[in-house]
Amino acid sequence: MVLIGTGVFLLVVGAPVWAVIGLSSASYIAMEGFPATLIVQRMFNNMDSFLLLAVPMFMLAGEVMNVSGLTMRLLDLAHVALRRMRAGLAMANLGTNMLMAGISGSALADASALTTLMTPKMKEQGYRPAFVAAITAAGSIVAPIIPPSVTFILFSVLSEVSVIDLFIAGIVPGILIVLFQMATVQWLSRRGRIPAYDAAPAARVGPALRRAVPILVLPVIIVGGIRGGVFTPIEGAAVALAYAVLVALLMRRLRLGDLMHASWDVARGMGEILLMIGAASLLAWIMVAEQIPASAAKLMLGITTDPHLLLLIINIFLLMIGMVIDNFAAMVLLVPILMPIVHQYGIDPVHFGVIMNVNLMIGAITPPVGLCLFVTSRVAGVPFESAVKEILPFIVASLCALLVITYFPALSLALPGLLK
């Protein structure tokens, strides 16, 4: 009761999620008579992971690409390549999101940057601002799925699953989600709900591709270098950051002030992530002490012994959680509970990592919170409610992709198996 009561009180007064989890867990430990040193030890235990050093460097590499304006080259390439299709600019929006996903690994960063770029361009072509906010938010969910992914790094730390296997496992599912969303754009265009054709640029694919090549090779360097044993994931993150800064400087697109501002944003975000991990480790310890994972596994076994039905139940549960809780917070809370159940049912942990990530990211564009959609609607200057109406078809498309990813594990596991 102490744990729940303290948590509810802190939520009511508007405390951040890490404070709600950490302070309520600390109150429980104190009330139960455990030594106060346990709080510090447990918080530091999960934060003391060498792999977490990769997270701020990947985040800063993406921020450098965004603030230096290099993202525009990816947009130009996507628009030129897709210009002959119906609703070519909307298709280019999704294509750019997919290309940017291989650089930053952060949905919120990509959503904010691309909305700023796309809103004036798409409004000129007759697209509603609310639709721009919706499609950009929908496309941004692949950023933590296609490598490099800061979310997969966190899942690896919490579950002790190979981070490079998770990286490679996310490639095909991420592309599949984009394809389902592109099919939705074509359907909306044929029904007359968005412009059928845009004023396409006259440029050819070749010049646009040459301009974008220095940026496109970055994810290849990262994933190829890590898989090939050239460097570790942490060294790969450092290489990504150094490469991003070097390209931006050589193209004279990066100012010191921009770099300092981006570094401050990443440092602040990383501080919140570490506090969340530390606070959640306290709650995880309490859950293990109270045998909650074992009780949850027993409850699941009482409901069904079929792993396919179990995955459906978990999908629904994760989607509901993702609607109201940030994906980092949800992951640090739920991985310690769900992983023992996953192992007991014989579900591949790499496949489950992809499923969990996709679920939580769909939740990030789903009301009532829909953090990514909230960000894009603010940047586009439209009411959140208007953007919600526009994003519903894309949520349905993403859910269809989720079902395919869930029940066809080869989509996630075939590529890591081939590259071993």
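The values are calculated or read from the model by the stated rules, or taken from the named source; none is laboratory data. All figures in this text were calculated on a predicted structure; none of them were measured in a lab. Neighbour counts are summed over all protein chains in view; Cβ atoms, including those assigned to glycine, are modelled from backbone coordinates with ideal geometry. Each accessible area value is taken on the protein alone, full model and side chains, heavy atoms only, with ligands, DNA and RNA left out. Shrake-Rupley method; radii C 1.70, N 1.55, O 1.52, S 1.80 Å.
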- [ ] Express the accessible area of the stretch 76-224 per residue in Å², computed with a 1.4 Å probe while the remaining protein chains stay in the model.
- [x] 34
- [ ] Find the Rg to Rh ratio for the stretch 270-330, where Rh is the Kirkwood radius over alpha-carbon pairs and Rg uses the same atoms.
- [x] 1.05
Open item on the list: What distance in nm lies between label points placed 7 Å from Cα along the C-beta direction at Thr37 and Leu216?
Closed with: 5.8
Open item on the list: Could you work out what % of the accessible surface of the chain is carbon and sulfur, using a 1.4 angstrom probe and leaving DNA, RNA and ligands out of the count?
Closed with: 68
TODO: Calculate the dipole size of the stretch 300-420 relative to its Cα centre from +1 charges on Lys and Arg beta carbons and -1 charges on Asp and Glu beta carbons; express the result in debye to the nearest 20.
DONE: 140
Open item on the list: Along the charge dipole of the chain, pointing to its positive end and built from +1/-1 on Cβ of Lys, Arg, Asp and Glu, which listed residue (Leu94, Val220, Gly22) has its Cα farthest out?
Closed with: Leu94
Task: Cα gyration tensor category, rounded, prolate or oblate, for the stretch 318-420 with a/c compared to 1.5 - done: prolate
Open item on the list: Using only Cα atoms and rounding to the nearest 10 degrees, what angle (0 to 90) does helix 129-140 make with the longest principal axis of the chain?
Closed with: 60
